[in-house]
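Only the coordinates and a few stated rules stand behind these numbers; no lab work does. Here the structure is a predicted model, which is why all the values come from computation and not from measurement. Glycine also receives a Cβ, built like all others from the backbone with ideal geometry; neighbour counts cover every protein chain displayed.
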Amino acid sequence: MGLDLIRDATVGQILNYVSNGRLLPYADQRPDYVVPARFLLTDARDVGLNSLPSENEEKRNSPESSGVLTPMEADRRLPGITNAVADPFLVDWEENDPDNPRNWSFRKRCFTAGNISLLTFAVYIGSAIYTSSIPGLMEEFNSSLVMGTLGLTLFILGYGIGPMFLSPIQDLPSVGRNPGYVGAFSIYLILQVPLVTAKNLNTVLAMRFLTGFFGSPALSTGGASMGDIFPPTQVPYVLGIWTLAATVGPILGPVIGGFSAQAKGWRWPILELIWLSGFTLIFLAVFLPETNGPTILLRRAKRLRKLTGNNELYTAAERAAQMKTATELTYEALVMPLILAMEPVLIFINIYSGFVYAVFYLWFEAFPIVFLGVYHFNEGVGGLPYLGFLVSSSAALGFYFLYQIYLIGPRYARAAAENKAVPPEILLEIGLLPAFFIPTSVMMFGFTAKASIHWAVPVVGAALYMPGLFLVFQAIWGYIVVSYPGNEASVMASNTLFRASIASVFPLFGRPFFINLGLRGASGLLAGVSFFLIFVYWLLMRYAPILRERSKYAIKD
């Protein structure tokens, strides 16, 4: 890592632009840079390819066109350049190109992945840290529990809807990942100010929805950024770490916010969120480089056009973008996720992931009932039982790594050696047995949460939920991405929307649900539904290949 890390981050890009390349310059902005001959108009005219891409493309590509080099001649003239005869003005990666994110050092890639995980943590902690403020909000604004809890619901709903609009923008080469990360997160931070200074509950609720909306790029596009910089064989591992960061956020929210809300009032957890978000924003603006390859190449093409005066230089992404209309882009962003959501496989996956995710957020309603009501913890100490989730989710991550190393990796290696395809359903296997942790956890928590049993027992029971949730999510996310190649963004946006929509509703009835049915009755009902969905999960593993064969969009065996 070096100054190139800062140069490729938001602040570095601004400094480079304002100084016209004098500060933090790229190689093609330095005085000693030698422009490749193929990018010069005069050189291209010598070989009869002076205006690609343009209206003369057919003439240039025709066999009769005079002056066109043979492939052997072109290879000698332009070593290492693919399709140089057809595309002399194509700006692409050079051999061992240091600007290619896949060629970054392992240290730089890990540092970048850590930055994205920090951003994800800073947003996800914002969902649950609010729960510490609910009692104070209810008291100050004389509101009901449902209205106070609505702030949690609207945040979850906001980051479910946000990816439908913001994530497609981050895929555009002309925009890239960082404006969505740093730009949207800046709005996320700014909107915390009217929230913490709110004079009425309506302002709080409006800001909670908007902060969830503008925080969503980190939650939806983080996986794509990991794929930008790591080879496919390493992506499952970094996605596991990134998912853990997303999990730790809601877990630590009540722990961090509980003591401050108890001592200073409901506004202090939001102030803590502002401090954390402010540090994160400054750090990422300086140290988070752009990871989207097409965006990096497009910026290079713009610099080379300015340097050479050759406006014919272009990138493959620019050509692809020219072939799509605004209607087509809108269709892909907003309509395709809804169409894919009607796929039988995705219907179940969206419902199942939505259910287990919703139950996770029910813990934020159940814990105060148990640890404040039954065991009489104060508000600050009442947040500490959430740390059990942190321990169990870390253990689940370790198990996931071992599973990838000793089971999944060798199976793919054997298949590659035998020139065979691996059915994507093997990715679902890791979620089947851990799924039993979910109903087991719910029942153990509900049936042991009483004064005659030590508080550690329901803490352990609740903690067992995370291995199930974590490994089920790793299984289904990996499966849908592999099963729907070319539509990865749409299926993930669809899953995020439906999962967040379901999860956003559950906290609204969580407390009445546990009080009216009792902890045992409510836990038994949730466990029963979970056991039934595990059976459907098994059916999915068995019959998914048949459903894929009938699908218009899924990969075929």
Which value, in debye to the nearest 20, gives the size of the charge dipole of the chain about its Cα centre, when Lys and Arg are +1 and Asp and Glu are -1 at the Cβ?
900 debye
Please give the helix 344-367 orientation as an angle from the longest Cα principal axis of the chain, in degrees from 0 to 90, rounded to the nearest 10.
50 degrees
If you take every residue apart from PHE348 with its C-beta less than 14 Å away from the C-beta of PHE348, what net charge results, scoring Lys and Arg +1 and Asp and Glu -1?
+1
Quick one: what do you get for the chain if you divide its Cα Rg by 2.2 N^0.38 Å?
1.09
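In what sequence do LEU288, LEU172 fall when counting other Cβ within 10 Å, fewest first?
The most exposed by this proxy come first: LEU172, LEU288.
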Which angle from 0 to 90°, rounded to the nearest 10, does the C-alpha axis of helix 465-483 make with the longest principal axis of the chain?
30 degrees
Contact order normalised by residue count of segment 381-499, Cα under 8 Å, 6+ apart, percent:
33 percent
Using the beta-carbon distance between PHE279 and ARG107 and R0 = 22 Å, what value does 1/(1 + (r/R0)^6) give for FRET efficiency, to the nearest 0.05?
0.50
Which Cα, out of ASN516, LEU497, SER530, lies furthest along the positive dipole direction of the chain (beta carbon charges, K/R +1, D/E -1)?
ASN516
Mind checking the angle between helix 437-448 and the chain's longest principal axis? C-alpha axes, 0 to 90 degrees, to the nearest 10.
20 degrees
Per 0.36 nm of contour for each residue apart, how much would the distance between ALA415 and PHE509 grow if the chain were fully extended, relative to their Cα-Cα spacing?
29.0 nm
On alpha-carbon atoms, Rg over Rh for segment 325-552 using Kirkwood Rh?
1.03
Those trypsin sites (Lys or Arg not before Pro) from segment 173-280 that are DSSP loop and have at most 14 other Cβ neighbours within 10 Å turn out to be LYS199
Share of pairwise Cα separations in segment 331-377, more than 17 Å, in percent:
57 percent
Rounded to the angstrom and largest first, Cα extents along the principal axes for segment 235-278 equal 42, 20, 9
Can you give me the pair-distance distribution of segment 378-476, C-alpha pairs, 5 Å bins, whole percents?
2, 13, 18, 18, 14, 11, 8, 6, 4, 3, 2, 1, 0
Based on the mean of other beta carbon atoms within 10 Å per residue, what is the order of 22-28, 226-232, most packed first?
226-232, 22-28
Given an 8 Å cut-off on Cα distances and at least 6 residues of separation, report the relative contact order of segment 106-323 as a percent.
34 percent
Got the relative contact order for the chain handy, in percent, Cα pairs under 8 Å and 6 or more residues apart?
19 percent
For every helix of n ≥ 4 consecutive DSSP H residues, a contribution of -39,500 (n - 2.57) applies; sum these over the chain, divide by its total residues, and give [θ] at 222 nm rounded to the nearest 500 deg cm²/dmol.
-21500 deg cm²/dmol
For segment 106-223, place one equal point scatterer on every Cα, skip the solvent, and apply the Debye formula. What is log10 of I(q)/I(0) at q = 0.09 Å⁻¹?
-0.27
Applying 1/(1 + (r/R0)^6) with R0 = 56 Å to the Cβ-Cβ distance of ALA321 and ALA395, what FRET efficiency is obtained, to the nearest 0.05?
0.80
Env charge @ SER225, Cβ radius under 10 Å, K,R +1 / D,E -1, value -1
Work out Dmax and Rg for segment 106-323 from the C-alpha atoms and quote the Rg first, both in angstrom.
19.6, 67
Of the options SER216, SER452, VAL235, report the single residue whose Cα projects farthest towards the positive end of the charge dipole of the chain (beta-carbon charges: Lys, Arg +1; Asp, Glu -1).
SER452
Give me the distance in nm between label points sitting 7 Å out from Cα along the Cα-to-Cβ direction at GLN234 and LEU539, one decimal.
4.2 nm
Let's test the formula: R0 of 51 Å, r as the Cβ-Cβ distance of LYS306 and ILE555. What FRET efficiency results, to the nearest 0.05?
0.75
Whole-Å semi-axes of segment 315-403's equivalent ellipsoid (Cα gyration tensor):
43, 18, 15
When only alpha-carbon atoms count, how far does segment 423-557 stretch along each of its three principal axes, as whole angstroms with the largest first?
56, 28, 20
